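Asks: Would you mind keeping the following structure in view while I ask a few things?
The values are calculated or read from the model by the stated rules, or taken from the named source; none is laboratory data. Remember, it's a predicted structure, so these values are computed and weren't measured experimentally. Heads up, the Cβs are rebuilt from the backbone with ideal geometry, glycines too, and the neighbour counts pull from every protein chain shown. Keep in mind that these areas ignore ligands, DNA and RNA; they rest on the heavy atoms of the full protein, side chains included. Shrake-Rupley method; radii C 1.70, N 1.55, O 1.52, S 1.80 Å.
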Amino acid sequence: IAHELAAPLTLVAGHLESLSHHVQDSRLESAKDAANELLYTSQDLLTLARGELEQTLNYSIVNLKDIVTKLARAYPGIQVELNTDGTDVAGNPERLMQLVRNLVRNAVQVSKETRDVWVRLETQNDQILLSVTDRGVGIRSEDLPHIFERFYSKRGGVGVGLSIAQRIAKQHGGDIRVNSVLGEGSVFTVTLPSLVSQLDETMT
């Protein structure tokens, strides 16, 4: 089903994106955003159906700053703070884009406006920290232990985005933690080993 949905959704999203460059209409923008959300959800489901999270990844040098900058263009209005130049990691660019996009999508969906979402990139010792902050409704304490479980959702979604993001982080030697205050919002922080630390570990 996910495969059958992906092809027409790609076509629809592409045409709506092209039209949005020539026609300024809020309804068109809403349709484009909805098509993209469905497309990304179908891609997440395909990732699970194909067992791609269990497969060995092809690694290259990936600049996380480039990924965040590209995503910021896809979600106009989100606040971005890039505090470091050392943002290279050894990883799979498609999977890392999926990881960050899922966190940003989740934050945008729970926030009233995109300007209520912050993405921050920084280094700490030999690690790279990427945090996504929202001003949403927050997460109840009893739900926090389950939010990375597959198909677990309290907002009517499919419940695969966060579980996929967590799995991708672990594939790259990292992790995701979350801090949330009910009624105020949440902060998801991805921790990944820097390229320099990975090279040092390999040489030793």
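Asks: If one takes the longest principal axis of the Cα atoms in the chain, at what angle in degrees, from 0 to 90 and to the nearest 10, does the Cα axis of helix 64-74 lie?
Replies: Once rounded, the angle reads 10 degrees.
Asks: Please give every one of the aspartates and glutamates within straight-line cross-link reach of LYS112, meaning a C-alpha to C-alpha distance under 14 Å, and leave out same-chain neighbours fewer than 8 residues apart.
Replies: LYS112 reaches ASP134, GLU184.
Asks: Turning to a different aspect of this structure: Tell me, which longest segment in the chain has none of the GluC sites (Glu not before Pro) that fall in DSSP loops with at most 11 further Cβ atoms within 10 Å? List each step's numbers first, then the result.
Replies: Numbers: sites that count: GLU113, GLU142, GLU184.
Between the exposed loop sites, the longest stretch runs 1-112.
Asks: Another question, then. Ranked by accessible surface with a 1.4 Å probe, highest first, in what order do TYR59, TYR75, TYR152 come?
Replies: Per-residue accessible area, sorted high to low, gives TYR59, TYR152, TYR75.
Asks: Another question, then. Quick check on the chain: what does the Kirkwood estimate of hydrodynamic radius come out to from the alpha carbon pairs, in Å? If you can, show how the numbers build up before the last one.
Replies: Values: mean 1/r = 0.0561 Å⁻¹.
Computed over Cα pairs of the chain, the Kirkwood hydrodynamic radius comes out at 17.8 Å.
Asks: What's the magnitude of the charge dipole for the stretch 94-204 around its Cα centre, counting Lys and Arg as +1 and Asp and Glu as -1 at the beta-carbon? Answer in Debye, nearest 20.
Replies: Using only the charged Cβ atoms, the result is roughly 480 debye.
Asks: Next question, about the same structure. How much length, in nm to one decimal, is gained on full extension between ASP143 and GLU184, taken as 0.36 nm per residue of separation minus their Cα-Cα distance?
Replies: 13.2 nm
Asks: Share of the chain's accessible area from carbon and sulfur, percent, 1.4 Å? Before the final figure, lay out the partial values.
Replies: On the way: 5940 of 11420 Å².
Carbon and sulfur: 52 percent of the exposed surface of the chain.
Asks: Then there's this: Just to make sure I understand: if all protein chains stay in place, what is the order of THR191, THR123 by accessible area at 1.4 Å, largest first?
Replies: THR123, THR191
Asks: What value, in deg cm²/dmol to 500, does the helix sum -39500 (n - 2.57) over DSSP H runs of n ≥ 4 give at 222 nm once divided by the residues of the chain? Please report the intermediate quantities before stating the final value.
Replies: Values: 6 runs with 92 residues, N = 204.
Result for the chain, helices only: -15000 deg cm²/dmol.
Asks: Per residue, how much accessible area does the chain have with a 1.4 Å probe, in Å²?
Replies: Result: 56 Å² of accessible area for each residue.
Asks: Same structure again: To make sure I understand the rule: partners must be aspartates and glutamates, Cα under 20 Å from the Cα of LYS170, and not fewer than 8 residues away in the same chain. Which ones qualify?
Replies: ASP44, GLU52, GLU54, ASP88, GLU94, GLU122, ASP126, GLU149, ASP200, GLU201
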